[in-house]
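Structure first, then comments.
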């Protein structure tokens, strides 16, 4: 997880408000995807605020509220990670902007290390209804989830009735520094096939090769 996105819920709530609000306010100036902000980021932020409000109130804090808060946080956090990764290299974002959002060491010089030569190893879990979990790891080490030279993993996926003719046509993508990816689906998607592939993102530039496209049935 980025240092700009704390793991503790109270600090996470403060950080997400700063990062999401700043992105919303500066979307045009920083050339961010306005459609993604309006239709993906802000709706998930609204869900988080509602879940957090119910969790903070001891009169409404039930096991279901606690569970809902945790699920929404897992869905919301990767979206914030995408923003932070953008802000770290976006030429329109100043160092002052980054410091105000808590993004540490912007443009810190790193030793140039090539990206990994092998794609990530991964295991797909389908034991939870309407969700698919992808645990990724370093294929060459059992002690690390990320090899030297990698900053995280890019996932591409799509729910389809037929295999894609071109792997580059997978419509959805996400990035995580730590496993797992957890994808949530609607009831109508149960029994359909998800096609996905993964690759490492380099610390400084470049990517590893993509994995082969694999499939899973949405439970």
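The values are calculated or read from the model by the stated rules, or taken from the named source; none is laboratory data. Remember, it's a predicted structure, so these values are computed and weren't measured experimentally. Every residue, glycine as well, gets a Cβ built from its backbone with ideal geometry; the counts of neighbours run over all protein chains shown.
Is it the case that the range 80-89 has a residue that's under 14 Å from the mean Cα position of the chain (by Cα), within 17 Å of residue 10 (Cα to Cα) and surrounded by 17 or more Cβ atoms within 10 Å (Cβ to Cβ)?
Yes - at least one qualifying residue is present in the range 80-89.
Of the numbered conditions (1) surrounded by 12 or more Cβ atoms within 10 Å (Cβ to Cβ); (2) within 26 Å of residue 196 (Cβ to Cβ); (3) at pLDDT 90 or above, residue 69 satisfies every one except a single condition; which is it?
(2)
Taking the condition at pLDDT 95 or above, in the same structural domain as residue 95 (by TED's automatic domain parsing) and part of a helix (DSSP H, G or I), does residue 16 pass?
In short, no.
Here is a check on your reading of the model: is residue 11 surrounded by fewer than 17 Cβ atoms within 10 Å (Cβ to Cβ) and under 17 Å from the mean Cα position of the chain (by Cα)?
No.
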